[in-house]
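To keep things clear, I will list the structure first and then write my remarks on it.
The values are calculated or read from the model by the stated rules, or taken from the named source; none is laboratory data. Remember, predicted model here, so these are calculated numbers, not experimental data. Please note: Cβ atoms are built from the backbone with ideal geometry, for glycine as well, and neighbour counts cover all protein chains shown. All accessible areas refer to the heavy atoms of the entire protein, side chains included, with ligands and DNA or RNA removed. Shrake-Rupley method; radii C 1.70, N 1.55, O 1.52, S 1.80 Å.
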Amino acid sequence: MAISGTEREEFEKQLEAYVGIDIGLEDQGRDPVNAAMVRHWCEAMGDGCGAYTDPVQAAASVHGELVAPPTMLQAWILGGVSMASGESDPRDKQKELHRLFDSKGFTGVVATNTEQEYTRYLKMGDEICAKTVIESISEQKATGLGIGYFINTRTTFRDQNDEEVGWLTFRVLKFEIAEASASSSDESSVTPSRPQRLKPALGHDNAWWWDCVEKDELAIQRCSSCHALRHPPRPMCGECQASDWDFVFSTGQGTIYSFVVIRHPEVPGYTYPLVVAVVELEEGTRFVGNVLDIDPAEVEVGMSVQASIELVDDEMKLPVFRRAQ
Amino acid sequence: MPTTLKDEAAIVGIGETEYSKNSGRSELALAAEACRAAIADAGLTPADIDGMTTFTMDNTDEIEVARAVGVGDLTFFSRTPHGGGAAIGVMHQAVMAVATGSAKAVVVYRALNGRSGARYSEGVSGGPTTSDLIHWSWYMPSGLMTPASWVAMVTQRYMHETGCTSEDLAEVCIAQREHAIKNPRAFFHGKPLTLEEHQAARHIVEPLRLYDCCQETDGGAACVVVSPEMARDLPNPPALIRAVAQGAGAHQESMTSFYRPTMTDLPEVDLSARQCWEISGLTADDIDAAVIYDAFSSIVLWQLESYGFCKKGEAADFIRDGALRLGGRLPTNTHGGQLSEAYVHGMNGVNEGVRLIRGTSTSQPAKNEHVLVTAGVGVPTSGMILGQA
Amino acid sequence: MSTETLRYQDVNVGDTLPELPIPLTSSLIVAGAVASQDYTPVHHDKEAAEAAGMQDVFMNILTTNGLVSRFVTDWAGIDARITGVSIKLGTPNLPGDTMTLTGAVAEKDETGNAVTVEVTGKNAWGNHVTGAVKLTLPAGD
């Protein structure tokens, strides 16, 4: 639970001391801007822009000579292999601030936004240094990840003539990791490699129906006594109260009775905009399913559709509909 | 023993927390604060309370709230299921308890961190395998898993059958926003909404746009229900409960009653309405103002039809000339509703109903003898009529 | 990439950029991190990434920025000057997935022949990156 009351007040007072201060370190680029590091960057990014790697093309361009990719700005002052140790300079006020958040339970950290502006493109031989200021700390916010605070920092980059060449800001969220995800007892504590759709829960009253889907059949439950069809399946007939039932297979032909186009929220595993329809099957029962391969603007009540049973992701088969030919 | 619930109880106190997007405290704290405020407003002390009731979806136990507030012996406690459909169901419970002598003074409450905590817009998933999860399993694999998606499905069919348009839905939103502008508790206090803004806003689930959907709110609301006799000795003018009723209909599902012969029939709302009129002896013509449950704009239209303010399929015509606005035929959701004040599962609407009877709404209609208050749509539901004592 | 540079006059608000799918491999993620001198372990060490709750190494922000910049200059050409990049970060880029970059011209400003391109990079989990790239283009002949 997030801190509250006087503890929160005191904590937020402590935070105030960090707003507006320099983090205490000046980052000096270890190498001047150079063609080898630029080439390495461009190879990694697949960036074939001649201004970065082809002296002839660069000379003929507005740049006039070889320049470094502007988004590489921060790369000139990062620490390289030394960063892998995880140790940080004890004078670093930004790290100190993060530790303060950690101590109050806001252990999660994620960068949410970054903005950069470039005064000029860097040329080979430029020597870059940078200073970082903690610009602001937000009030406590409720976010999708949990309760937390946004920290905004601004790093200003200067060249060998002490002229500003650009700046960047980072917005970082320090948040309290939600209890549910922290104490997840799932067998897999890590996210699967590809998101899959939500699977049905299976029980006595519906597992048989999903077994039919596995066998590529769209089943409709039928009362053994009065032969009324019913969907979704239930253990008793609402017409005659008989408990015995069997099922028939639908032809999958039907018409759209109503439909929606889902745009928000986008749940991983599904493709949006997502068309979901209540389809009136020719047998008379209705069924809820996706309508595929159609411009959402073309879907209409009354449209004829045909079901087929298909894999909708790596794992699940589902009856889906397409406009009937 | 009474044979009906007509005039058997009155609401004598209302209370609420501030409504926000991040309360910064527990749902228990919100519930306790709302209950404390309602008890104080009633001119009672916690020791006078002997009944408590809330929604099954409320995360805070009655006994936890009782301990926090300092309520002692409880002779009645209960819960009502089906989300916002319980909004007046809880009132039904309280009135039955008071009418039968099971309790003398019942606190009804609902508190949720609906924005900073679990958000209903994020949809259903997971959990233990109950009949409820089996139910949602017919929809989750296809991606139909949020309240907006379920209500949009019925809305699409309703628009198809009646010719109701998105502009008609906008009138519900704009009328309510006009009320919210004047209500300092409302999230949209001082912020008007135009038809152009409504139409330009993104779709959440077609045909519903952003402003057709209610907010998500942190907050709590509560009220106190006692007998009319006891109410006479208390400081505030009581809101007499002229009728209160629940209804679940044929082919009922929770939010997904897609399999009815006509999807847009809402027999559970018709049933609540019919009972309200039968119990009270009143008709729609007697109602001066209303608090109509508005998780989504379209459901307001359907309830106007079920309660008989207009014929089936004609609600868009009914509201087009400003019927829901102050000075119109039926000033509705004068607090701004859940679209524009706050989403507290309809309990904030109960409190607004009481304010209308007291004459203290920030958008107070001149005539306020009888006020209709309703509950969630698409689920088993409930409704009540408040009147002056 | 185009060998011709777009001229300011050739560009209209609403123009879309050619879609660019980026297959996300461990090699790309590690190469991007190393090229940007960012040796934070989660970007090259799978064990460290797992300890941080991810199932594999994930892309660092500089690489995202580098790819966004490449996406825009692939379209705009060598004489474009990028003056600013502003991005919002979303779902992580993980090996095995594909990030598809899409973009459209959102604004034009004649002072300085400035153009703003809105960019989205989407992977299977949702939007990895959304944002805007500001650039200037040469005037037409």
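Quick one: go through segment B:317-355 and flag any residue whose amide nitrogen is under 20 Å from the point 7 Å out along the Cα-to-Cβ line of B:K191.
B:333-346, B:348-349
Using a 10 angstrom cutoff on alpha carbons, build the Gaussian network for chain B and name the most mobile of B:P141, B:P184, B:P228.
Checking each option, the largest mean-square fluctuation is seen for B:P141.
Karplus couplings for segment A:131-145 from phi (6.51 cos²θ - 1.76 cosθ + 1.60, θ = phi - 60°), rounded to Hz, Gly and Pro as x?
10, 10, 10, 7, 6, 7, 10, 6, 6, 4, 10, 8, 10, x, 8
Determine the dipole magnitude for segment C:8-136: charges of +1 sit on the beta-carbon of Lys and Arg, -1 on that of Asp and Glu, nothing else is charged, the reference point is the Cα centre, and the result goes in debye to the nearest 20.
100
Where q = 0.24 Å⁻¹, what log10 of I(q)/I(0) comes from the Debye formula for segment A:202-249, counting one point per Cα?
These q points yield log10 I(q)/I(0) values of -0.82.
Could you give the size of the charge dipole of chain B about its Cα centre, using +1 on the Cβ of each K and R and -1 on the Cβ of each D and E, expressed in debye and rounded to the nearest 20?
In debye, rounded to 20, chain B gives about 340.
Please work out the C-alpha center-to-center distance from segment A:67-144 to segment B:1-61 and express it in whole Å.
First find each Cα centre; the distance between them is then 49 Å.
Where is the GNM fluctuation largest for chain A (alpha-carbon springs, 10 angstrom cutoff): A:A58, A:A242, A:A142?
A:A242
Quantify, in whole percent, the carbon and sulfur part of the accessible surface of the protein assembly as shown (1.4 Å probe; protein heavy atoms only).
Ligands and nucleic acids excluded, carbon and sulfur reach 50 percent.
Given labels modelled 7 Å from the Cα in the Cβ direction, how far is it in nm from A:R194 to B:E122?
2.6
Rounded to the nearest Å, what's the spacing between the alpha carbon centres of segment A:231-261 and segment B:96-117? Just the number, please.
39
For chain A, which cysteines have no disulfide-compatible partner, meaning no other cysteine Cβ under 4.7 Å?
A:C42, A:C49, A:C129, A:C212
In nanometres, what is the gap between the two model label sites at B:T56 and B:T4, each 7 Å from Cα along Cα-to-Cβ?
Spacing of the two 7 Å Cα→Cβ label points: 2.9 nm.
Quantify how strongly other chains surround peptide C:30-36 by giving the mean number of their Cβ atoms within 10 Å of each of its Cβ atoms.
Counting Cβ atoms of other protein chains within 10 Å of each residue's Cβ and averaging gives 6.
I need the phi-derived Karplus couplings for segment B:346-359: 6.51 cos²θ - 1.76 cosθ + 1.60, θ = phi - 60°, integer Hz, Gly and Pro marked x.
Those phi angles translate into x, 5, 5, x, 4, 5, 5, x, 5, 4, 4, 5, 6, x Hz.
A 18 angstrom limit on the alpha carbon distance is what I want to check against. Which of A:K13/C:K88; A:K93/A:K174; A:K123/C:K134; A:K95/A:K174; A:K123/C:K88; C:K88/C:K108 exceed it?
A:K13/C:K88; A:K123/C:K134; A:K123/C:K88; C:K88/C:K108
Going by average Cβ density within 10 Å per residue, which order do the peptides B:250-256, C:32-38, B:333-339 take, highest to lowest?
B:333-339, C:32-38, B:250-256
What FRET efficiency would be calculated for the residue pair A:H227, A:D293, taking the C-beta separation as r and a Förster radius of 35 Å, to the nearest 0.05?
Calculated value: 0.50.
With no solvent and one point per C-alpha, what does the Debye sum give as log10 I(q)/I(0) for segment A:235-306 at q = 0.27 Å⁻¹?
-1.19
Using the Cα centre of the protein assembly as shown as the reference point, and only Cβ charges (+1 on K/R, -1 on D/E), how large is the resulting charge dipole? Debye, rounded to the nearest 20.
1320
Which order do C:M54, A:M45 take by accessible area at a 1.4 Å probe, largest first?
The ranking, largest first, comes out as C:M54, A:M45.
Please give, to one decimal in nm, the separation of the simple spin-label points placed at A:Q57 and C:T100, each 7 Å out from Cα toward the Cβ.
2.7
For a distance above 21 Å, tell me the whole-number percent of Cα pairs in segment B:27-103 that qualify.
Of all Cα-Cα distances in segment B:27-103, 21 percent exceed 21 Å.
Any idea what Rg and Dmax come out to for the protein assembly as shown if you just take the C-alpha atoms, in Å?
For the protein assembly as shown, the Cα radius of gyration and maximum Cα-Cα distance read 30.7, 100 Å.
Does anyone have the angle between helix A:35-45 and the longest principal axis of chain A? Alpha-carbon axes, 0 to 90°, nearest 10?
10
Given a cut-off of 23 Å, what percent of all Cα-Cα pairs of segment C:8-136 lie beyond it?
34
Straight-line reach from A:K317: which lysines have a Cα under 24 Å away, not including same-chain ones fewer than 8 places off?
Partners found: A:K199, A:K215.
Rounded, prolate or oblate: pick one for chain B, where a ≥ b ≥ c are the square roots of the eigenvalues of its C-alpha gyration tensor, a/c under 1.5 means rounded, and failing that, prolate if a/b is larger than b/c, else oblate.
Note, shape of chain B comes out rounded.
Using a 1.4 angstrom probe and counting only protein chains, how large is the accessible area of B:L74 in Å², to 10?
Rounded to the nearest 10, that gives 40 Å².
Just the number, please: buried accessible area between A and C, total of both chains, 1.4 angstrom probe, nearest 100 square angstrom.
3800
Scan chain B and hand back the longest stretch that contains none of the trypsin sites (Lys or Arg not before Pro) lying in DSSP loops with at most 11 other Cβ atoms within 10 Å.
B:1-201
Calculate the radius of gyration of the Cα atoms of chain A to one decimal place, then report Dmax, the largest Cα-Cα distance, as a whole number, both in Å.
Cα only, chain A: 30.1, 92 Å (Rg, Dmax).
Take the alpha carbon atoms of segment B:272-350, find their center, do the same for segment C:30-47, and report the distance between the two centers in whole angstrom.
The two parts, judged by their Cα centres, are 60 Å apart.
Looking at segment B:10-80, which GluC sites (Glu not before Pro) are DSSP coil and have at most 10 other C-beta atoms within 10 Å of their C-beta?
Nothing satisfies the criteria.
Tell me, what is the FRET efficiency for C:A51 and A:D22 to the nearest 0.05, using R0 = 30 angstrom and their Cβ-Cβ distance as r?
The formula returns an efficiency of 0.40 here.
Using the Cα centre of segment B:248-306 as origin and beta-carbon charges of +1 (Lys, Arg) and -1 (Asp, Glu), tell me which of B:V300, B:F258, B:Q275 is placed farthest towards the positive end of the dipole.
The Cα lying farthest towards the positive end belongs to B:F258.
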